[in-house]
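Asker: Here's a structure for you.
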Amino acid sequence: AGAASMALRRWFTERYLSADPRALGLGRIALALTLLLDLARRARGLEAWYSNDGLLPNHTLLWRPPFEYTFSLFFAASRTSEAVFGFVLCAIAYVMLLFGVRTRFAQVASLVAVLSLHGRTLFVQNGGDAVLGELALWSCFLPTGRRYSIDALRAARDRAEGAEGLPDPEAPVVSLAVLAILAQLATIYFFNAVQKTGSTWRAGTVVHYMLHQDCNDTWLAVWLRPHFTLGMSRVLTWTAWGTEAALPLLLLSPFAQLTTRRAAVLLIVMLHGGFALFLNLGIFVPAMIAFTPNLLAARDLDALGRLPALRRLSARLAEHPFLQRDIAWLVERATPAPAAPPASFFGMTLADFRESLVAALLVCASSQALVENATTTHFKPEWQPRFLRATATYLQAFQGWSMYAPDPPFGDMNLYVDAVTKDGRHVDPWNAAASPGNRRTGAEIKPHLRQDVMYFAYALRVPWTAHYWTAFQDWILRYPQRTKRRNDEIVRFEAFMIEHDSPPPGEQGSRNTRRTSLFKFPP
(Lines give C-alpha, C1' and ligand atoms only; values in the text may rest on other atoms or scores of the structure.)
Protein backbone atom coordinates (compact mmCIF):
# COMPACT_ATOMS: atom_id res chain seq x y z
CA ALA A 1 0.00 0.00 0.00
CA GLY A 2 2.83 2.37 0.86
CA ALA A 3 4.61 1.73 -2.43
CA ALA A 4 1.38 2.20 -4.37
CA SER A 5 0.72 5.48 -2.56
CA MET A 6 4.22 6.73 -3.35
CA ALA A 7 3.85 5.73 -6.99
CA LEU A 8 0.49 7.54 -7.25
CA ARG A 9 1.95 10.63 -5.63
CA ARG A 10 4.92 10.60 -8.01
CA TRP A 11 2.57 10.11 -10.99
CA PHE A 12 0.37 13.05 -9.93
CA THR A 13 3.36 15.27 -9.20
CA GLU A 14 4.94 14.65 -12.60
CA ARG A 15 1.72 15.39 -14.49
CA TYR A 16 0.15 18.27 -12.58
CA LEU A 17 2.63 19.86 -10.17
CA SER A 18 5.84 20.00 -12.22
CA ALA A 19 7.10 22.53 -14.74
CA ASP A 20 10.35 23.04 -16.61
CA PRO A 21 12.17 26.14 -15.28
CA ARG A 22 12.76 27.24 -18.89
CA ALA A 23 9.01 27.23 -19.48
CA LEU A 24 8.49 29.33 -16.37
CA GLY A 25 11.20 31.73 -17.55
CA LEU A 26 9.44 32.15 -20.88
CA GLY A 27 6.15 32.51 -19.02
CA ARG A 28 7.65 35.33 -16.94
CA ILE A 29 8.76 37.14 -20.09
CA ALA A 30 5.32 36.69 -21.71
CA LEU A 31 3.60 37.97 -18.57
CA ALA A 32 5.88 41.00 -18.30
CA LEU A 33 5.38 41.93 -21.97
CA THR A 34 1.61 41.64 -21.52
CA LEU A 35 1.74 43.80 -18.40
CA LEU A 36 3.73 46.44 -20.29
CA LEU A 37 1.21 46.31 -23.15
CA ASP A 38 -1.64 46.76 -20.67
CA LEU A 39 0.17 49.71 -19.09
CA ALA A 40 0.73 51.37 -22.48
CA ARG A 41 -2.92 50.86 -23.39
CA ARG A 42 -4.07 52.46 -20.15
CA ALA A 43 -1.59 55.33 -20.50
CA ARG A 44 -3.52 56.56 -23.55
CA GLY A 45 -6.54 57.25 -21.33
CA LEU A 46 -4.62 58.12 -18.18
CA GLU A 47 -6.45 61.41 -17.49
CA ALA A 48 -9.87 59.93 -18.26
CA TRP A 49 -9.52 56.93 -15.93
CA TYR A 50 -6.88 57.79 -13.31
CA SER A 51 -7.42 61.44 -12.35
CA ASN A 52 -10.15 63.47 -10.72
CA ASP A 53 -10.61 65.30 -14.02
CA GLY A 54 -11.75 62.04 -15.61
CA LEU A 55 -14.92 60.00 -15.82
CA LEU A 56 -14.32 58.11 -12.56
CA PRO A 57 -12.89 60.53 -9.96
CA ASN A 58 -11.57 59.11 -6.70
CA HIS A 59 -14.23 60.68 -4.51
CA THR A 60 -17.00 59.12 -6.60
CA LEU A 61 -15.50 55.63 -6.50
CA LEU A 62 -14.77 55.80 -2.78
CA TRP A 63 -18.28 57.06 -2.10
CA ARG A 64 -19.97 54.34 -4.19
CA PRO A 65 -17.38 51.67 -5.05
CA PRO A 66 -18.41 49.20 -7.77
CA PHE A 67 -17.44 46.31 -5.45
CA GLU A 68 -17.74 45.94 -1.70
CA TYR A 69 -14.01 45.34 -1.30
CA THR A 70 -11.62 47.39 -3.41
CA PHE A 71 -7.88 47.98 -3.40
CA SER A 72 -5.75 50.37 -5.44
CA LEU A 73 -2.75 52.50 -4.62
CA PHE A 74 -4.01 54.85 -7.34
CA PHE A 75 -6.74 56.05 -4.99
CA ALA A 76 -3.95 58.23 -3.58
CA ALA A 77 -3.51 59.96 -6.96
CA SER A 78 -5.86 62.86 -7.64
CA ARG A 79 -4.01 64.76 -10.34
CA THR A 80 -2.85 63.46 -13.70
CA SER A 81 0.79 64.15 -12.79
CA GLU A 82 0.43 61.98 -9.68
CA ALA A 83 -1.04 59.17 -11.75
CA VAL A 84 1.87 59.52 -14.21
CA PHE A 85 4.29 58.95 -11.34
CA GLY A 86 2.39 55.81 -10.40
CA PHE A 87 2.56 54.58 -14.00
CA VAL A 88 6.33 55.08 -14.00
CA LEU A 89 6.65 52.94 -10.86
CA CYS A 90 4.51 50.24 -12.49
CA ALA A 91 6.71 50.32 -15.58
CA ILE A 92 9.84 49.89 -13.45
CA ALA A 93 8.36 46.83 -11.74
CA TYR A 94 7.33 45.32 -15.09
CA VAL A 95 10.75 45.90 -16.67
CA MET A 96 12.45 44.31 -13.68
CA LEU A 97 10.15 41.32 -14.12
CA LEU A 98 10.87 41.18 -17.85
CA PHE A 99 14.64 40.96 -17.36
CA GLY A 100 14.48 38.96 -14.15
CA VAL A 101 16.21 41.52 -11.95
CA ARG A 102 15.49 40.67 -8.30
CA THR A 103 12.72 38.51 -9.64
CA ARG A 104 11.00 37.68 -6.36
CA PHE A 105 10.63 41.36 -5.53
CA ALA A 106 9.60 42.16 -9.11
CA GLN A 107 6.88 39.50 -9.00
CA VAL A 108 5.29 40.95 -5.88
CA ALA A 109 5.72 44.54 -7.07
CA SER A 110 4.16 43.66 -10.44
CA LEU A 111 1.20 42.00 -8.74
CA VAL A 112 0.60 45.06 -6.56
CA ALA A 113 0.96 47.26 -9.65
CA VAL A 114 -1.53 45.35 -11.79
CA LEU A 115 -4.05 45.08 -8.93
CA SER A 116 -3.73 48.83 -8.34
CA LEU A 117 -4.12 49.69 -12.01
CA HIS A 118 -7.16 47.46 -12.42
CA GLY A 119 -8.61 48.18 -8.97
CA ARG A 120 -8.84 51.89 -9.81
CA THR A 121 -11.04 51.08 -12.83
CA LEU A 122 -13.10 48.10 -11.66
CA PHE A 123 -16.24 49.80 -12.98
CA VAL A 124 -14.97 49.31 -16.55
CA GLN A 125 -13.16 46.03 -15.98
CA ASN A 126 -13.47 43.19 -18.49
CA GLY A 127 -12.45 39.54 -18.53
CA GLY A 128 -8.99 40.32 -19.87
CA ASP A 129 -8.17 42.41 -16.80
CA ALA A 130 -9.20 39.54 -14.52
CA VAL A 131 -7.19 36.99 -16.52
CA LEU A 132 -4.03 39.10 -16.45
CA GLY A 133 -4.28 39.70 -12.70
CA GLU A 134 -4.80 35.99 -12.03
CA LEU A 135 -1.78 35.01 -14.13
CA ALA A 136 0.32 37.53 -12.18
CA LEU A 137 -1.06 36.14 -8.90
CA TRP A 138 -0.30 32.45 -9.54
CA SER A 139 3.09 33.24 -11.11
CA CYS A 140 4.12 34.99 -7.89
CA PHE A 141 4.52 31.59 -6.23
CA LEU A 142 6.83 30.15 -8.88
CA PRO A 143 10.62 30.63 -9.29
CA THR A 144 10.30 32.21 -12.73
CA GLY A 145 13.74 33.80 -12.49
CA ARG A 146 15.75 30.55 -12.59
CA ARG A 147 16.16 30.78 -16.37
CA TYR A 148 16.43 33.56 -18.95
CA SER A 149 17.04 36.26 -16.34
CA ILE A 150 19.70 38.47 -14.83
CA ASP A 151 19.20 36.55 -11.59
CA ALA A 152 20.00 33.31 -13.44
CA LEU A 153 23.23 34.80 -14.80
CA ARG A 154 24.27 35.89 -11.33
CA ALA A 155 23.48 32.43 -9.92
CA ALA A 156 25.51 30.79 -12.71
CA ARG A 157 28.48 33.01 -11.92
CA ASP A 158 28.19 32.23 -8.21
CA ARG A 159 28.09 28.49 -8.93
CA ALA A 160 31.18 28.82 -11.06
CA GLU A 161 32.90 30.52 -8.10
CA GLY A 162 32.00 27.61 -5.81
CA ALA A 163 28.90 28.99 -4.05
CA GLU A 164 26.72 26.36 -2.39
CA GLY A 165 23.01 26.09 -1.61
CA LEU A 166 21.85 27.44 -4.95
CA PRO A 167 18.88 25.73 -6.66
CA ASP A 168 19.61 23.53 -9.66
CA PRO A 169 18.52 25.55 -12.74
CA GLU A 170 17.81 22.33 -14.65
CA ALA A 171 15.65 20.62 -12.01
CA PRO A 172 11.88 20.64 -12.58
CA VAL A 173 9.91 23.04 -10.40
CA VAL A 174 7.34 21.29 -8.21
CA SER A 175 4.58 23.45 -6.75
CA LEU A 176 0.81 23.70 -6.30
CA ALA A 177 1.05 26.96 -8.26
CA VAL A 178 1.73 24.90 -11.42
CA LEU A 179 -1.61 23.17 -10.85
CA ALA A 180 -3.21 26.55 -10.12
CA ILE A 181 -2.23 27.86 -13.57
CA LEU A 182 -3.57 24.71 -15.23
CA ALA A 183 -6.79 24.81 -13.20
CA GLN A 184 -7.27 28.53 -13.92
CA LEU A 185 -7.08 27.98 -17.66
CA ALA A 186 -9.32 24.91 -17.54
CA THR A 187 -11.89 26.79 -15.43
CA ILE A 188 -12.05 29.67 -17.90
CA TYR A 189 -12.72 27.41 -20.87
CA PHE A 190 -15.00 24.99 -19.02
CA PHE A 191 -17.49 27.60 -17.82
CA ASN A 192 -17.33 29.55 -21.07
CA ALA A 193 -18.26 26.37 -22.93
CA VAL A 194 -20.98 24.90 -20.68
CA GLN A 195 -22.80 28.22 -20.19
CA LYS A 196 -23.29 28.76 -23.93
CA THR A 197 -26.78 27.27 -23.83
CA GLY A 198 -28.65 29.74 -26.03
CA SER A 199 -30.34 29.06 -29.36
CA THR A 200 -27.76 31.07 -31.32
CA TRP A 201 -25.00 28.64 -30.37
CA ARG A 202 -27.05 25.68 -31.49
CA ALA A 203 -28.04 27.45 -34.70
CA GLY A 204 -24.46 28.61 -35.35
CA THR A 205 -25.34 32.30 -35.72
CA VAL A 206 -23.15 33.73 -32.95
CA VAL A 207 -20.34 34.91 -35.22
CA HIS A 208 -22.90 36.70 -37.42
CA TYR A 209 -24.08 38.73 -34.41
CA MET A 210 -20.52 39.20 -33.23
CA LEU A 211 -19.67 40.88 -36.54
CA HIS A 212 -22.38 43.47 -35.90
CA GLN A 213 -20.94 44.81 -32.64
CA ASP A 214 -20.02 48.25 -33.95
CA CYS A 215 -18.55 49.52 -30.69
CA ASN A 216 -15.82 46.90 -30.54
CA ASP A 217 -15.61 45.32 -34.00
CA THR A 218 -12.34 45.60 -35.91
CA TRP A 219 -12.09 47.02 -39.44
CA LEU A 220 -11.82 43.44 -40.76
CA ALA A 221 -15.17 42.53 -39.16
CA VAL A 222 -16.84 45.56 -40.72
CA TRP A 223 -15.38 44.76 -44.15
CA LEU A 224 -16.39 41.09 -43.90
CA ARG A 225 -20.04 41.67 -42.95
CA PRO A 226 -21.51 41.99 -46.46
CA HIS A 227 -19.67 38.86 -47.63
CA PHE A 228 -20.37 36.69 -44.59
CA THR A 229 -22.75 33.78 -45.13
CA LEU A 230 -24.78 31.72 -42.68
CA GLY A 231 -22.63 28.70 -43.51
CA MET A 232 -19.47 30.58 -42.60
CA SER A 233 -21.05 31.69 -39.33
CA ARG A 234 -21.97 28.12 -38.45
CA VAL A 235 -18.50 26.77 -39.13
CA LEU A 236 -16.76 29.45 -37.05
CA THR A 237 -19.34 29.41 -34.25
CA TRP A 238 -19.25 25.65 -33.75
CA THR A 239 -15.46 25.54 -34.14
CA ALA A 240 -14.99 28.14 -31.38
CA TRP A 241 -17.53 26.41 -29.12
CA GLY A 242 -15.96 23.00 -29.69
CA THR A 243 -12.48 24.36 -29.05
CA GLU A 244 -13.53 25.84 -25.71
CA ALA A 245 -15.17 22.55 -24.73
CA ALA A 246 -12.10 20.51 -25.70
CA LEU A 247 -9.49 22.66 -23.99
CA PRO A 248 -10.23 21.65 -20.36
CA LEU A 249 -9.88 18.00 -21.37
CA LEU A 250 -6.63 18.64 -23.21
CA LEU A 251 -5.17 20.71 -20.38
CA LEU A 252 -6.03 18.25 -17.61
CA SER A 253 -5.62 14.96 -19.45
CA PRO A 254 -3.28 12.59 -17.56
CA PHE A 255 -2.61 10.54 -20.69
CA ALA A 256 -0.51 11.40 -23.75
CA GLN A 257 0.20 14.64 -21.99
CA LEU A 258 2.93 15.81 -24.33
CA THR A 259 0.49 15.60 -27.25
CA THR A 260 -2.51 17.06 -25.43
CA ARG A 261 -0.57 20.03 -24.03
CA ARG A 262 0.87 20.80 -27.45
CA ALA A 263 -2.62 20.65 -28.92
CA ALA A 264 -3.89 22.94 -26.14
CA VAL A 265 -1.18 25.54 -26.81
CA LEU A 266 -1.92 25.49 -30.54
CA LEU A 267 -5.69 25.77 -30.03
CA ILE A 268 -5.38 28.61 -27.49
CA VAL A 269 -3.23 30.66 -29.87
CA MET A 270 -5.53 29.96 -32.83
CA LEU A 271 -8.75 30.62 -30.89
CA HIS A 272 -7.66 33.93 -29.41
CA GLY A 273 -5.88 34.97 -32.57
CA GLY A 274 -9.23 34.52 -34.31
CA PHE A 275 -10.94 36.65 -31.67
CA ALA A 276 -8.38 39.41 -32.22
CA LEU A 277 -9.13 39.50 -35.95
CA PHE A 278 -12.76 40.45 -35.39
CA LEU A 279 -13.11 41.94 -31.91
CA ASN A 280 -11.32 44.56 -29.86
CA LEU A 281 -11.18 42.73 -26.52
CA GLY A 282 -8.48 44.83 -24.88
CA ILE A 283 -5.86 42.81 -23.05
CA PHE A 284 -7.90 39.56 -23.06
CA VAL A 285 -6.24 37.99 -26.10
CA PRO A 286 -2.57 38.58 -25.13
CA ALA A 287 -3.33 37.68 -21.49
CA MET A 288 -4.78 34.31 -22.47
CA ILE A 289 -1.90 33.57 -24.84
CA ALA A 290 0.59 34.56 -22.10
CA PHE A 291 -0.46 31.43 -20.18
CA THR A 292 0.82 29.13 -22.90
CA PRO A 293 4.64 29.22 -22.34
CA ASN A 294 4.05 27.71 -18.88
CA LEU A 295 2.55 24.63 -20.58
CA LEU A 296 5.64 23.76 -22.60
CA ALA A 297 7.42 20.51 -21.72
CA ALA A 298 11.17 19.87 -21.59
CA ARG A 299 11.07 18.07 -24.95
CA ASP A 300 9.35 21.07 -26.56
CA LEU A 301 12.00 23.42 -25.25
CA ASP A 302 14.83 21.10 -26.27
CA ALA A 303 13.39 21.03 -29.80
CA LEU A 304 13.07 24.82 -29.89
CA GLY A 305 16.66 25.19 -28.69
CA ARG A 306 17.87 23.13 -31.65
CA LEU A 307 16.24 25.42 -34.23
CA PRO A 308 19.02 26.95 -36.36
CA ALA A 309 17.43 30.41 -36.38
CA LEU A 310 17.21 30.56 -32.58
CA ARG A 311 20.76 29.26 -32.19
CA ARG A 312 22.09 31.94 -34.54
CA LEU A 313 20.13 34.66 -32.74
CA SER A 314 21.37 33.47 -29.35
CA ALA A 315 24.97 33.46 -30.56
CA ARG A 316 24.70 36.99 -31.98
CA LEU A 317 23.16 38.34 -28.78
CA ALA A 318 25.85 36.67 -26.68
CA GLU A 319 28.58 38.29 -28.80
CA HIS A 320 27.03 41.75 -28.92
CA PRO A 321 29.41 44.11 -27.06
CA PHE A 322 26.64 46.46 -25.88
CA LEU A 323 24.63 43.64 -24.34
CA GLN A 324 27.73 42.03 -22.85
CA ARG A 325 28.67 45.28 -21.09
CA ASP A 326 25.18 46.10 -19.78
CA ILE A 327 24.34 42.57 -18.67
CA ALA A 328 27.67 42.31 -16.90
CA TRP A 329 26.89 45.59 -15.08
CA LEU A 330 23.46 44.29 -14.02
CA VAL A 331 24.90 40.98 -12.86
CA GLU A 332 27.45 42.80 -10.72
CA ARG A 333 25.27 45.56 -9.30
CA ALA A 334 21.55 44.98 -9.71
CA THR A 335 21.20 41.59 -8.06
CA PRO A 336 22.35 40.88 -4.53
CA ALA A 337 24.07 37.65 -3.67
CA PRO A 338 21.54 34.88 -3.01
CA ALA A 339 20.74 34.45 0.64
CA ALA A 340 19.74 31.24 2.34
CA PRO A 341 16.01 31.12 3.07
CA PRO A 342 14.88 31.33 6.69
CA ALA A 343 14.67 28.00 8.47
CA SER A 344 11.03 28.52 9.44
CA PHE A 345 8.10 30.84 8.92
CA PHE A 346 5.20 30.65 11.39
CA GLY A 347 6.56 27.27 12.42
CA MET A 348 6.88 26.03 8.81
CA THR A 349 9.61 26.14 6.23
CA LEU A 350 9.24 28.94 3.73
CA ALA A 351 8.40 26.43 1.00
CA ASP A 352 5.68 24.82 3.12
CA PHE A 353 4.20 28.21 3.99
CA ARG A 354 4.15 29.18 0.30
CA GLU A 355 2.42 25.96 -0.70
CA SER A 356 -0.12 26.35 2.11
CA LEU A 357 -0.90 29.87 0.90
CA VAL A 358 -1.39 28.62 -2.66
CA ALA A 359 -3.74 25.91 -1.35
CA ALA A 360 -5.76 28.51 0.57
CA LEU A 361 -6.02 30.74 -2.50
CA LEU A 362 -7.11 27.77 -4.61
CA VAL A 363 -9.96 27.18 -2.15
CA CYS A 364 -10.86 30.87 -2.39
CA ALA A 365 -10.82 30.85 -6.20
CA SER A 366 -12.86 27.63 -6.29
CA SER A 367 -15.55 29.13 -4.07
CA GLN A 368 -15.61 32.22 -6.29
CA ALA A 369 -16.08 30.04 -9.38
CA LEU A 370 -19.01 28.26 -7.75
CA VAL A 371 -20.93 31.41 -6.86
CA GLU A 372 -20.08 33.46 -9.97
CA ASN A 373 -21.21 30.69 -12.33
CA ALA A 374 -24.45 29.94 -10.50
CA THR A 375 -26.30 29.19 -13.75
CA THR A 376 -24.22 26.03 -13.97
CA THR A 377 -23.25 25.30 -10.37
CA HIS A 378 -26.51 26.43 -8.65
CA PHE A 379 -24.54 27.83 -5.71
CA LYS A 380 -26.00 31.04 -4.31
CA PRO A 381 -23.73 33.93 -3.23
CA GLU A 382 -24.99 33.56 0.35
CA TRP A 383 -23.21 30.20 0.50
CA GLN A 384 -19.77 31.82 0.27
CA PRO A 385 -18.21 32.94 3.58
CA ARG A 386 -17.52 36.67 3.74
CA PHE A 387 -13.76 36.25 4.25
CA LEU A 388 -13.51 34.20 1.03
CA ARG A 389 -15.50 36.79 -0.90
CA ALA A 390 -13.37 39.62 0.50
CA THR A 391 -10.11 37.82 -0.34
CA ALA A 392 -11.24 37.06 -3.89
CA THR A 393 -12.38 40.63 -4.47
CA TYR A 394 -9.28 42.28 -3.03
CA LEU A 395 -7.13 40.03 -5.24
CA GLN A 396 -9.53 40.50 -8.17
CA ALA A 397 -9.69 36.72 -8.52
CA PHE A 398 -13.03 36.95 -10.31
CA GLN A 399 -14.18 33.65 -11.80
CA GLY A 400 -17.36 34.46 -13.74
CA TRP A 401 -16.68 33.14 -17.24
CA SER A 402 -19.58 33.58 -19.65
CA MET A 403 -18.37 35.35 -22.77
CA TYR A 404 -21.32 35.56 -25.20
CA ALA A 405 -23.31 33.23 -22.92
CA PRO A 406 -25.99 32.08 -23.02
CA ASP A 407 -26.29 34.15 -26.24
CA PRO A 408 -24.41 37.07 -27.78
CA PRO A 409 -25.91 40.57 -27.67
CA PHE A 410 -28.63 41.04 -30.29
CA GLY A 411 -27.99 44.75 -30.54
CA ASP A 412 -25.51 47.50 -29.89
CA MET A 413 -25.42 50.60 -27.73
CA ASN A 414 -23.40 53.76 -27.27
CA LEU A 415 -23.62 57.15 -25.59
CA TYR A 416 -24.29 60.43 -27.37
CA VAL A 417 -23.99 63.93 -25.91
CA ASP A 418 -25.66 66.79 -27.77
CA ALA A 419 -23.77 69.77 -26.33
CA VAL A 420 -23.98 73.41 -27.42
CA THR A 421 -20.95 75.69 -27.07
CA LYS A 422 -21.09 79.36 -26.18
CA ASP A 423 -20.66 80.28 -29.85
CA GLY A 424 -23.62 78.08 -30.87
CA ARG A 425 -21.86 74.96 -32.23
CA HIS A 426 -23.08 71.43 -31.49
CA VAL A 427 -20.34 69.09 -30.24
CA ASP A 428 -20.26 65.57 -28.80
CA PRO A 429 -17.63 65.41 -26.01
CA TRP A 430 -18.24 61.69 -25.39
CA ASN A 431 -17.55 60.42 -28.89
CA ALA A 432 -14.73 62.94 -29.36
CA ALA A 433 -12.92 61.09 -26.56
CA ALA A 434 -14.26 57.54 -26.98
CA SER A 435 -13.92 57.41 -30.79
CA PRO A 436 -11.21 59.97 -31.62
CA GLY A 437 -10.34 58.34 -34.94
CA ASN A 438 -13.95 58.26 -36.13
CA ARG A 439 -15.54 61.62 -36.87
CA ARG A 440 -18.86 60.10 -38.03
CA THR A 441 -20.44 60.25 -34.60
CA GLY A 442 -23.82 61.52 -33.59
CA ALA A 443 -27.31 60.37 -32.65
CA GLU A 444 -26.82 56.92 -34.17
CA ILE A 445 -24.26 54.14 -33.92
CA LYS A 446 -21.99 54.24 -36.95
CA PRO A 447 -19.99 51.19 -38.12
CA HIS A 448 -16.59 50.67 -36.54
CA LEU A 449 -16.52 53.26 -33.76
CA ARG A 450 -12.95 52.24 -32.84
CA GLN A 451 -13.69 52.50 -29.14
CA ASP A 452 -11.21 51.41 -26.51
CA VAL A 453 -12.72 48.64 -24.38
CA MET A 454 -12.76 50.87 -21.29
CA TYR A 455 -14.95 53.45 -23.03
CA PHE A 456 -17.07 50.61 -24.40
CA ALA A 457 -17.58 49.15 -20.90
CA TYR A 458 -18.39 52.59 -19.48
CA ALA A 459 -21.05 53.16 -22.14
CA LEU A 460 -22.61 49.77 -21.33
CA ARG A 461 -22.78 50.37 -17.57
CA VAL A 462 -23.18 54.06 -16.79
CA PRO A 463 -26.79 54.35 -18.10
CA TRP A 464 -27.81 51.97 -15.29
CA THR A 465 -25.59 53.61 -12.63
CA ALA A 466 -27.22 56.96 -11.88
CA HIS A 467 -24.96 57.71 -8.92
CA TYR A 468 -22.07 58.15 -11.41
CA TRP A 469 -23.97 60.63 -13.59
CA THR A 470 -22.78 63.70 -11.65
CA ALA A 471 -19.16 62.75 -12.38
CA PHE A 472 -20.10 62.19 -16.05
CA GLN A 473 -21.74 65.62 -16.17
CA ASP A 474 -18.70 67.32 -14.65
CA TRP A 475 -16.47 65.57 -17.18
CA ILE A 476 -18.63 66.80 -20.08
CA LEU A 477 -18.44 70.39 -18.80
CA ARG A 478 -14.63 70.14 -18.72
CA TYR A 479 -14.62 69.73 -22.51
CA PRO A 480 -12.76 73.05 -23.15
CA GLN A 481 -10.13 71.98 -20.62
CA ARG A 482 -9.36 68.99 -22.86
CA THR A 483 -9.54 70.83 -26.19
CA LYS A 484 -7.65 73.93 -24.95
CA ARG A 485 -10.14 76.20 -26.77
CA ARG A 486 -12.18 78.84 -24.94
CA ASN A 487 -14.94 78.79 -27.52
CA ASP A 488 -15.64 75.16 -26.62
CA GLU A 489 -17.19 76.21 -23.32
CA ILE A 490 -20.48 74.30 -23.03
CA VAL A 491 -23.63 76.21 -22.07
CA ARG A 492 -26.10 73.33 -22.26
CA PHE A 493 -26.21 69.65 -23.19
CA GLU A 494 -28.28 66.49 -23.06
CA ALA A 495 -26.81 62.99 -22.67
CA PHE A 496 -28.48 60.07 -24.42
CA MET A 497 -28.16 56.30 -24.64
CA ILE A 498 -28.37 55.13 -28.26
CA GLU A 499 -29.42 51.57 -29.09
CA HIS A 500 -30.15 49.59 -32.22
CA ASP A 501 -30.91 45.98 -33.12
CA SER A 502 -28.55 43.85 -35.18
CA PRO A 503 -29.90 42.38 -38.43
CA PRO A 504 -30.94 38.73 -38.41
CA PRO A 505 -28.76 36.21 -40.27
CA GLY A 506 -28.84 36.70 -44.02
CA GLU A 507 -29.55 40.43 -43.78
CA GLN A 508 -27.49 43.59 -43.47
CA GLY A 509 -28.04 46.93 -41.80
CA SER A 510 -29.04 47.76 -38.24
CA ARG A 511 -32.64 48.57 -37.41
CA ASN A 512 -34.90 50.02 -34.75
CA THR A 513 -32.54 52.80 -33.63
CA ARG A 514 -33.80 54.36 -30.41
CA ARG A 515 -32.64 57.16 -28.14
CA THR A 516 -33.13 57.41 -24.38
CA SER A 517 -32.41 60.63 -22.50
CA LEU A 518 -30.27 60.12 -19.40
CA PHE A 519 -29.84 63.64 -18.02
CA LYS A 520 -29.40 67.23 -19.16
CA PHE A 521 -27.66 70.44 -18.13
CA PRO A 522 -29.04 72.74 -16.91
CA PRO A 523 -31.56 70.33 -15.33
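Asker: Within region 207-224, restricting attention to residues that are over 23 Å from the mean Cα position of the chain (by Cα) and open to solvent by less than 20 Å² (accessible area, probe 1.4 Å), which residue is farthest from I498 (Cα to Cα)?
Answerer: H208
Asker: So, in region 188-227, exactly how many residues are among the charged types (D, E, K, R), outside any helix (DSSP H, G or I) and either closer than 26 Å to N431 by Cα or touching a strand residue (DSSP E or B) at 6+ places or on another chain (Cβ under 6 Å) (or both)?
Answerer: 2
Asker: Turning to a different aspect of this structure: Picking from L33, L37, L55, which residue would you name as being hydrophobic (A, V, I, L, M, F, W, C), modelled with pLDDT of 95 or more, in a loop (DSSP other than H, G, I, E, B) and under 23 Å from the mean Cα position of the chain (by Cα)?
Answerer: Only one candidate qualifies: L55.
Asker: Just give me the residues in region 123-143 being aromatic (F, W, Y), in contact with an Asp or Glu (Cβ under 9 Å, 6 or more places away or on another chain) and open to solvent by less than 10 Å² (accessible area, probe 1.4 Å), in sequence order.
Answerer: Selection gives nothing.
Asker: Another question, then. Examine region 506-520 for a residue that is open to solvent by less than 50 Å² (accessible area, probe 1.4 Å) and over 29 Å from A203 (Cα atoms), and state whether such a residue exists.
Answerer: Within region 506-520, one or more residues are open to solvent by less than 50 Å² (accessible area, probe 1.4 Å) and over 29 Å from A203 (Cα atoms).
Asker: Please specify each residue of region 253-268 satisfying the condition of being surrounded by 19 or more Cβ atoms within 10 Å (Cβ to Cβ) and either charged (D, E, K, R) or modelled with pLDDT under 95 (or both).
Answerer: R261
Asker: When you look at L132, is it closer than 29 Å to A276 by Cβ and not in a helix (DSSP H, G or I), yes or no?
Answerer: Answer is no for this residue.
Here's the yes/no breakdown for (1) open to solvent by less than 40 Å² (accessible area, probe 1.4 Å); (2) among the aromatic types (F, W, Y); (3) modelled with pLDDT of 95 or more; (4) not in a helix (DSSP H, G or I):
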{"position": "L247", "(1), (2), (3), (4)": "yes, no, yes, no"}
{"position": "L251", "(1), (2), (3), (4)": "yes, no, yes, no"}
{"position": "P286", "(1), (2), (3), (4)": "yes, no, yes, no"}
{"position": "N294", "(1), (2), (3), (4)": "yes, no, yes, no"}
{"position": "D300", "(1), (2), (3), (4)": "yes, no, no, no"}
{"position": "L313", "(1), (2), (3), (4)": "no, no, no, no"}
{"position": "Q324", "(1), (2), (3), (4)": "no, no, no, no"}
{"position": "V331", "(1), (2), (3), (4)": "yes, no, no, no"}
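Asker: Might you let me know whether region 66-84 holds any residue that is over 20 Å from A130 (Cβ atoms) and under 22 Å from the mean Cα position of the chain (by Cα)?
Answerer: Yes: one or more hits.
Asker: Of the residues S78, S5, which is over 18 Å from M454 (Cβ atoms), assigned to a helix (DSSP H, G or I) and of a type in the set (S, T, Y)?
Answerer: Sole residue among the options that is over 18 Å from M454 (Cβ atoms), assigned to a helix (DSSP H, G or I) and of a type in the set (S, T, Y): S5.
The values are calculated or read from the model by the stated rules, or taken from the named source; none is laboratory data. What you are looking at is a predicted structure, and each value in this text was computed from that prediction instead of being measured. Heads up, the Cβs are rebuilt from the backbone with ideal geometry, glycines too, and the neighbour counts pull from every protein chain shown. With ligands, DNA and RNA removed, areas are computed over all heavy atoms of the protein, side chains included. Shrake-Rupley method; radii C 1.70, N 1.55, O 1.52, S 1.80 Å.
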